[in-house]
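> What follows is a structure written as structure tokens; I'll ask about it next.
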Amino acid sequence: MKTFGDFIKNKREELGIPQRKIAAQLDIDTSTLSKIERNERRATSLMLNIISTELNIDLETVEFEFLKDSIHSEFNDLKFLKKILTKIVSEL
């Protein structure tokens with residue numbers, strides 16, 4: 001599965017934007033962004049608006065990729081994950 005870090009890195013490289021530019025906008029250092037892109041560190045939900053703007057991706061897509069990766073990395077070993085998520089969505 002493609003991770004959120006992969007998603008950010010691929011889009012950034014596709015646009016030819018250096019890490020230092022995105023890192024500056026996120027108010028983090030380049031090494032922190034590099035760790036996020038390598039999935040050694042997690043992005044925060046506070047970063048999503050900036051990532052959306054800087055990489056010219058609609059916020060819904062950024063949030064989807066972020067949540068998909070977060071759920072997969074934290075809860076993928078749960079036997080009833082899909083069933084529970086479906087139930088949660090139906091209750092929203």
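Read-outs throughout are calculated quantities, based only on the coordinates presented, and are distinct from any laboratory measurement. Predicted, not measured: the structure shown is a model, and the values here were computed from it. For neighbour counting, all protein chains shown are included, and Cβ atoms are generated from backbone atoms with ideal geometry for every residue, glycine included.
> For residues that are over 14 Å from Lys2 (Cα atoms) and either in contact with a strand residue (DSSP E or B) (Cβ under 6 Å, 6 or more places away or on another chain) or among the β-branched types (Val, Ile, Thr) (or both), tally how many sit in segment 19-60.
9
> Here's a check for you: in segment 61-92, which residue that is within 16 Å of Thr3 (Cα to Cα) and among the hydrophobic types (A, V, I, L, M, F, W, C) is surrounded by the fewest Cβ atoms within 10 Å (Cβ to Cβ)?
Here the answer is Phe75.
> Take segment 9-60 and flag every residue that is among the small types (Gly, Ala, Ser), surrounded by fewer than 15 Cβ atoms within 10 Å (Cβ to Cβ) and in a helix (DSSP H, G or I).
Answer for segment 9-60, where residues must be among the small types (Gly, Ala, Ser), surrounded by fewer than 15 Cβ atoms within 10 Å (Cβ to Cβ) and in a helix (DSSP H, G or I): Ala24, Ser31, Ser45.
> For segment 39-59, name all the residues that are touching an Asp or Glu at 6+ places or on another chain (Cβ under 9 Å) and of a type in the set (D, E, K, R).
If the condition is that a residue be touching an Asp or Glu at 6+ places or on another chain (Cβ under 9 Å) and of a type in the set (D, E, K, R), then Arg42 is the only one that fits.
> For segment 67-92, enumerate the residues that are of a type outside the set (D, E, K, R) and free of Cβ contacts under 8 Å to residues at least 12 places away in the same chain.
The answer is Leu67, Phe75, Asn76, Leu78, Phe80, Leu81, Ile84, Thr86, Ile88, Val89, Ser90, Leu92.
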